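Remarks on the structure that follows.
The values are calculated or read from the model by the stated rules, or taken from the named source; none is laboratory data. Not measured: the values here are computed from a predicted model. Neighbour counts are summed over all protein chains in view; Cβ atoms, including those assigned to glycine, are modelled from backbone coordinates with ideal geometry.
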Amino acid sequence: MLSEARGSLPAELPQFTLAERDRRWARVREAMANEGIDLLLAPPHSGHWGQMQADVRYLTECGINMYECLAVFPVAADIVVLTRMEGHAAWLREMYGWVTDVRPIGGKSWSALVIERMAELGYDAASRGRVGVIGYAGSADAPEGIMRYDTMADLVEAFPNVEWVSATELVNHVRMVKSAEEIACIERAGTIADRAVRAMVEHARPGIPAQMLWAHIHAAMLLAGGEYPNMINWDIRPDTGFWPRYPTNRLIQPGDYCINEMDAKFNGYIHQTNHPLYMGTAPDNYRRAFDAVLAAFEAAREAAKPGNSIGDMARAAQAAFTSRGADGHFMMHGRGLGDDLPSLSQGGPSDDHVVLEEGIAFILKPWAQDTGASGYRFRMAVGDTCVVTATGGRRLSAHPMELSQIA
Amino acid sequence: MVETSGSSPQRSPAPGASAQPSASLVSPISATEVTQLSIAERDRRWARVRRGMAEEGIALLLAPTHTGHWAQFQADVRYLTQLAPNMYECFAVFPAESEVTAITRMAAHAPWLHDSYQWVGDVRALGTRTWSVAVIERMHELGFDESSQERVGVIGRRQWMPRSPEGIIRYDTMVRLMEAFPKVDWVNATPLMNHLRSVKSPEEIACHERAGAIADKAVEAMIEHARPGIPAQTVWAHMHAAMLLAGGEYPSMINWDMRQDLSAFARHPTYRLLEPNDFSLNEIEGKHNGYVHHTLHPAYLGKAPDNYHRTYEAAYEAFEAACAAARPGNTTADMARAAEAVFARRGLEGQFAMLGRGLGEDGPHMTVHGPNGEQPTPLEAGQVFAIRPVTGDIGATGRRFRMWMGDTCVVTPDGARRLSAHPMELTEIPC
């Protein structure tokens, strides 16, 4: 579980045990050894609600709320965290117990400090080691990685004989299966998501701006101890089928329908939920669509057992849609600190190659569509974050899964 | 003003738009639903930027995507296109003489951005491609090929952003652009844009003022909710909640902590329970339509010791002195001299500091140097910055606290005008 104390000092922030650190580092170093990688570099990138920096956080715990951090992770020496400002370095050293060598770049550049640390590790212009760069090539949310051009160009110039390789996949694979401590964080984030759903149902009223309702949802998550910033892709309007990243100032009206992806976050770990809501009594085809999607969700959840594949989950969901005559679609992807595996699946042929293991956490979010009264097609998206267990996927939040109808 | 826009001529239809509504999952959105700037403001900016490009011989500007630092790293894209709030990744391709193109990541984002915002007609999605592929495609449409030798300005290269010393453009993106156009003269256009963005129009200042009203709400929430026994994180959550419920944009920065004799800003508070004699040092940013109002409001749980009052009074007087000096024709060094003269007269170690504000890393840049320590920036009416002098003393714990206060102001002929309305004070919260 999360540690309550670090040394003799009470921990003021949630953080992981040293046992969890040692587990992660051992797994990462084993993977590095398998690929002949001497050193990993995890660059800073505080974008996408901080998720782009997931690997730094996984390796060091550092990186909450826009603290830009770069991790220098050797296979057999001390790990160094670089951050931008002196005050940041002192704060990170004080607050987190995993890495003691936290250095500010001050008036210098990221590359200058990485080169300095690599020199300490014995690298020079003639070195021919293999260095893995996380975020050097693409991930789903960053198709050209996250490494800055000027940082990488300086490194290549300083160490021209090093073999620079992409290590994005390596760390992603290690991160995919969650420990008990990680699942506890996602579960705590699930309780924060529950508060978000409750706030949405409590405050949704005709006549208030959509932005105001969205603000209530964010406020509820923050006041429940949620971490900042986090994603709520959300909109409410007639027969909507798209979740924009930002709500508008439009006034909510009877007959509006809310589609959403709500990420609650605790200690960096994300619980996503998709909870549909209708202003008034939902038309019959909305309820039919919801019933079909919930059946598909439950069927896929039941199939989420170790040894099964994501293809098995997709087929189970699709069978539920077919039996109800719904135009439905399977969808899921990994959840954790950021762009965790398994990658986005929408029921393609490659799904049979992804075999489930106990401890994989994912958002399962099947959806169906139909034509609404306005003539536009609405999307009924329902989902929640689950973890693979021996008896199938276990939900990590507790709010009722329903199509909420606001009187 | 800023709430709605006029009609925009010559806009392309939305990507994937269809006359048959049921062909699309996307129900319509009206441009009146979002806060946006006028077409006249767009034309003013584009004309200024294109003049700047012409002076530097730049044929094309590229403003890359980066949603880091509370999305402030994408300020140039937003300045050029209005796109977009809250982590919409957008990349702007801005030619000197042709249509401006905005590229966003997901297919569904493009029609939403096109229909919501009125400035750019050509909004494209990456889909499963990469940023460089879409940029190269647009550059080919503009006539660039592998023999092109034009000058292309890249915003977000090294050394010109205090918070991003190695810029923001991704390695893979830049390398592929250089491979596709090997003879292009790639130049750093970050300083050009920072200079152009530093003087604000009335529409921009109105956004700052609205953001100031949102920051006022955060200060009020801090004073209302800070009490011994509640977690620091809860007070901070109330401040964020107050800003959001006042219409504030997400995400925004509140660097905030509260503990005895505090001297540094923290980007995230802890769950420590507040105690009497805790002191809050903070940087609070209200945000409206992307524009940031930055304020620093010290607060003390209980009756503050005399040296807290003395240092606050000195910092406040230094703030006022710097405001008075912030007139067109003066420089940032004049402001620094005015502030530091106050500290000297009061026998305190103190420092002038300021921070350009706007959509992100706006000029004039942050300075904490004294009057002779940095190249002074001439002041112009319409520049917006936070004036934030700092001093400090030894507290009861034996540690040094820092008294750091300030607010965001605009340069006027009469000196700097504050853009928020909360009382500037060292707030003592009864407990």
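Step by step: first the residues of the stretch B:148-179, then only those that are among the hydrophobic types (A, V, I, L, M, F, W, C) and surrounded by fewer than 19 Cβ atoms within 10 Å (Cβ to Cβ), then the one that is nearest to B:GLU55 (Cα to Cα). Which residue is that? Write out each step before concluding.
Of the residues in the stretch B:148-179, the ones among the hydrophobic types (A, V, I, L, M, F, W, C) are B:152, B:154-155, B:160-161, B:168-169, B:174-175, B:177-178.
Right, trim to surrounded by fewer than 19 Cβ atoms within 10 Å (Cβ to Cβ) and you get B:175, B:178.
Numbers: B:VAL175: 27, B:MET178: 24 Å.
The qualifying residue nearest to B:GLU55 (Cα to Cα) is B:MET178.
If I ask for residues that are farther than 15 Å from B:ASN255 by Cα and assigned to a helix (DSSP H, G or I), which ones from the stretch A:91-106 would you list?
A:ARG93, A:GLU94, A:MET95
Look at the stretch A:329-368 and say how many of its residues are surrounded by fewer than 22 Cβ atoms within 10 Å (Cβ to Cβ) and under 11 Å from A:VAL293 (Cβ atoms).
Summing the residues that are surrounded by fewer than 22 Cβ atoms within 10 Å (Cβ to Cβ) and under 11 Å from A:VAL293 (Cβ atoms) in the stretch A:329-368 gives 2.
Looking only at strands (runs of 3 or more DSSP E) that fall completely inside the stretch A:214-330, which ones have 3 or more residues that are assigned by TED's automatic domain parsing to the domain that holds A:ALA189, touching a residue at least 60 places away in the same chain (Cβ under 8 Å) and aliphatic (A, V, I, L, M)?
Filter on the stretch A:214-330 gives A:257-266.
Hey, can you tell me all the residues within the stretch B:116-145 that are more than 10 Å from every other protein chain (Cβ to nearest Cβ), more than 28 Å from B:THR35 (Cβ to Cβ) and among the β-branched types (Val, Ile, Thr)?
B:VAL135, B:ILE136
Any chance the stretch A:58-70 includes a residue that's in a loop (DSSP other than H, G, I, E, B), more than 10 Å from chain B (Cβ to nearest Cβ) and over 22 Å from the mean Cα position of the chain (by Cα)?
no
Does A:GLU182 fit the bill of being surrounded by 22 or more Cβ atoms within 10 Å (Cβ to Cβ) and part of a loop (DSSP other than H, G, I, E, B)?
Considered against the rule, which asks whether it is surrounded by 22 or more Cβ atoms within 10 Å (Cβ to Cβ) and part of a loop (DSSP other than H, G, I, E, B), A:GLU182 comes out as no.
If you check A:ALA89, A:ALA119, A:ALA77, which single one turns out to be more than 10 Å from every other protein chain (Cβ to nearest Cβ), modelled with pLDDT of 95 or more and buried (at least 21 other Cβ atoms within 10 Å of the Cβ)?
Unique residue meeting the criteria: A:ALA89.
Among the numbered conditions (1) under 30 Å from B:GLY248 (Cα atoms); (2) outside any helix (DSSP H, G or I); (3) more than 11 Å from chain A (Cβ to nearest Cβ), tell me where B:GLY156 comes up short.
B:GLY156 satisfies all of (1) under 30 Å from B:GLY248 (Cα atoms); (2) outside any helix (DSSP H, G or I); (3) more than 11 Å from chain A (Cβ to nearest Cβ) except (3).
Just to be sure, is B:PHE319 surrounded by fewer than 21 Cβ atoms within 10 Å (Cβ to Cβ) and within 25 Å of B:GLU209 (Cα to Cα)?
It is false that B:PHE319 is surrounded by fewer than 21 Cβ atoms within 10 Å (Cβ to Cβ) and within 25 Å of B:GLU209 (Cα to Cα).
Go through the stretch B:77-88 and give me each residue that's touching a Leu at 6+ places or on another chain (Cβ under 8 Å) and either polar (S, T, N, Q) or away from every other protein chain (no Cβ under 13 Å) (or both).
Scanning the stretch B:77-88 gives B:TYR79, B:LEU80, B:GLN82.
If I filter the stretch B:226-238 down to residues being more than 9 Å from chain A (Cβ to nearest Cβ) and hydrophobic (A, V, I, L, M, F, W, C), which single residue comes out as farthest from A:GLU12 (Cα to Cα)?
For the stretch B:226-238, the residue satisfying everything is B:ALA226.
Which of (1) assigned to a loop (DSSP other than H, G, I, E, B); (2) under 20 Å from B:PRO191 (Cβ atoms); (3) away from every other protein chain (no Cβ under 14 Å) is the odd one out, the single condition B:HIS69 does not satisfy?
(3)
Has the stretch B:92-106 got at least one residue that is under 24 Å from B:GLU166 (Cα atoms), assigned to a loop (DSSP other than H, G, I, E, B) and out of contact with any Phe, Trp or Tyr (no Cβ under 7 Å at 6 or more places or on another chain)?
Looking for residues that are under 24 Å from B:GLU166 (Cα atoms), assigned to a loop (DSSP other than H, G, I, E, B) and out of contact with any Phe, Trp or Tyr (no Cβ under 7 Å at 6 or more places or on another chain), one finds at least one in the stretch B:92-106, hence yes.
Of B:ASN277, B:ASN282, which residue is surrounded by fewer than 24 Cβ atoms within 10 Å (Cβ to Cβ) and either touching a residue at least 40 places away in the same chain (Cβ under 8 Å) or over 19 Å from A:THR248 (Cα atoms) (or both)?
Being surrounded by fewer than 24 Cβ atoms within 10 Å (Cβ to Cβ) and either touching a residue at least 40 places away in the same chain (Cβ under 8 Å) or over 19 Å from A:THR248 (Cα atoms) (or both) holds for just one of B:ASN277, B:ASN282, which is B:ASN277.
Just to be sure I understand, how many residues within the stretch A:217-235 are closer than 20 Å to B:ALA246 by Cβ and either small (Gly, Ala, Ser) or crowded, with 21+ Cβ neighbours inside 10 Å (or both)?
Of the residues in that region, 12 qualify.
Could you tell me which residue of the stretch A:209-226 is nearest to the other protein chains (Cβ to nearest Cβ), considering only residues that are under 23 Å from A:ARG57 (Cα atoms) and of a type in the set (A, V, I, L, M)?
A:LEU222
Of everything in the stretch A:227-242, what is more than 8 Å from chain B (Cβ to nearest Cβ) and either farther than 23 Å from A:PRO366 by Cβ or within 21 Å of the chain's Cα centre (by Cα) (or both)? Give them in sequence order.
Once the filter is applied, which keeps residues that are more than 8 Å from chain B (Cβ to nearest Cβ) and either farther than 23 Å from A:PRO366 by Cβ or within 21 Å of the chain's Cα centre (by Cα) (or both), the stretch A:227-242 yields A:ASN230, A:ILE232, A:ASN233, A:TRP234, A:ASP235.
Across the stretch B:23-49, what is the total count of residues that are surrounded by 14 or more Cβ atoms within 10 Å (Cβ to Cβ) and at pLDDT 95 or above?
Total satisfying the criteria: 10.
Please determine whether any residue of the stretch B:246-254 is of a type in the set (Gly, Ala, Ser), under 25 Å from the mean Cα position of the chain (by Cα) and part of a strand (DSSP E or B).
no
Checking B:ALA241 against (1) in a helix (DSSP H, G or I); (2) more than 18 Å from A:ALA215 (Cα to Cα); (3) within 12 Å of chain A (Cβ to nearest Cβ), only one condition comes out false. Which one?
(2)
Quick one: in the stretch B:271-321, of everything that is among the hydroxyl-bearing types (Ser, Thr, Tyr) and assigned to a helix (DSSP H, G or I), which residue is farthest from the other protein chains (Cβ to nearest Cβ)?
Checking each candidate, the answer is B:TYR316.
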